[in-house]
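The values are calculated or read from the model by the stated rules, or taken from the named source; none is laboratory data. Every value quoted in this text rests on a predicted model; they were computed, and no experiment measured them. FYI the Cβ positions are ideal-geometry reconstructions off the backbone, even for glycines, and counts take in every protein chain you see. Heads up: the accessible areas ignore ligands, DNA and RNA and are worked out on the full protein's heavy atoms, side chains in. Shrake-Rupley method; radii C 1.70, N 1.55, O 1.52, S 1.80 Å.
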Amino acid sequence: AEDDADPRKCPKCGMTLDFKGDLCRRCINQGAVASRVLRLMKPYAGLATVMFGLLLCILSLQMVPPRLVGLLIDNVVSVKSGVNELALPLPFWPTVSRAVLAARPGLDVHVLGLLFLVGVLFVTQVLTGGLNMANGRLVSVVGTQITPDPRKPLFKRLHSLSVDYYDRHNVGSLVSRVSYDTEAMKDFVRQAVQGLIAQMLVLIVTGVMLFSISWRLALWTLLP
């Protein structure tokens, strides 16, 4: 029976391991791993809050262009001829329209509305691009700083192990863990912030926007 035992197989589930003595990815305690990752992220809780806030701002700004296009079609493009009034539910529009029309009485109010909406759209896109750059830079900085945190105690731990441990384990795989597995923390931070969390927030923010416009149409949209 001892000869039939395969050190490259997990004794619990039989999954093939990367090397002798490796941890089985099926049987490992996922909750404990997640808890250790969160402990590593704890010193960066402040920066993580800032990243989350920037992400919310970016997603909120991304909801503005579709709304502006809707206002453009409903109030400017599809307007009946002869109508000299334009009510846009946007901040600063009443003040801007009164000031400009007072200075230029012959200006068509719908042309002014078109220019105003295009201007707001331009400012929104510039702000979104700037916040995306800031958030990407912050994610990169946090990911780069968090990489050495698990590497230092891991390296210290390897120095305290006996020679027998290195007889039983592949030294190349241990070096790979120190060099590359810790580097995966940076990718995890980037993918979590700009991938998983971002997509979940997109779903929530888009749902709120849809239901604020028309709950009936939102239900039909979500039905498929």
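If the requirement is being touching a Ser or Thr at 6+ places or on another chain (Cβ under 8 Å) and without any contact (Cβ under 8 Å) to a residue 40 or more places away in the chain, which of these qualifies: Arg36, Arg8? It would help to see each step written out before you state the result.
Values: Arg36 fails: touching a Ser or Thr at 6+ places or on another chain (Cβ under 8 Å).
Testing whether each residue is touching a Ser or Thr at 6+ places or on another chain (Cβ under 8 Å) and without any contact (Cβ under 8 Å) to a residue 40 or more places away in the chain leaves just Arg8.
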Hey, Leu101 hits all of (1) under 30 Å from Arg36 (Cβ atoms); (2) without any contact (Cβ under 8 Å) to a residue 60 or more places away in the chain; (3) surrounded by 15 or more Cβ atoms within 10 Å (Cβ to Cβ) but one; which does it fall short on?
(1)
Going through segment 167-209 one residue at a time, which ones are farther than 14 Å from Val142 by Cβ, open to solvent by 60 Å² or more (accessible area, probe 1.4 Å) and within 19 Å of the chain's Cα centre (by Cα)?
Leu196, Gln199, Met200, Leu203, Ile204, Val208
Taking first residues from segment 161-175 that are among the charged types (D, E, K, R) and second residues anywhere that are open to solvent by less than 70 Å² (accessible area, probe 1.4 Å), the pairs with Cβ under 7 Å that are 6 or more apart or on different chains are Arg168/Gly21
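Looking at Asp4, Asp22, can you tell me which residue is over 27 Å from Pro153 (Cα atoms) and modelled with pLDDT under 80?
Numbers: Asp22 fails: over 27 Å from Pro153 (Cα atoms).
Checking each option against the conditions leaves just Asp4.
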Would you mind telling me which numbered condition in (1) in contact with a Ser or Thr (Cβ under 8 Å, 6 or more places away or on another chain); (2) modelled with pLDDT of 80 or more; (3) closer than 24 Å to Gln62 by Cβ Arg190 fails?
(2)
Would you say Val37 is surrounded by 12 or more Cβ atoms within 10 Å (Cβ to Cβ) and either modelled with pLDDT under 80 or basic (Lys, Arg) (or both)?
yes
If I ask for residues that are of a type in the set (Lys, Arg) and exposed (fewer than 14 other Cβ atoms within 10 Å of the Cβ), which ones from segment 40-73 would you list?
Lys42
Scanning segment 157-200 for residues that are in contact with a helix residue (DSSP H, G or I) (Cβ under 9 Å, 6 or more places away or on another chain) and among the basic types (Lys, Arg), which turns out nearest to Thr144 (Cα to Cα)?
Lys186
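Here are Asp164, Asp149: which of them is surrounded by 14 or more Cβ atoms within 10 Å (Cβ to Cβ) and acidic (Asp, Glu)? Walk me through it before giving the result.
Values: Asp164 fails: surrounded by 14 or more Cβ atoms within 10 Å (Cβ to Cβ).
Only one candidate qualifies: Asp149.
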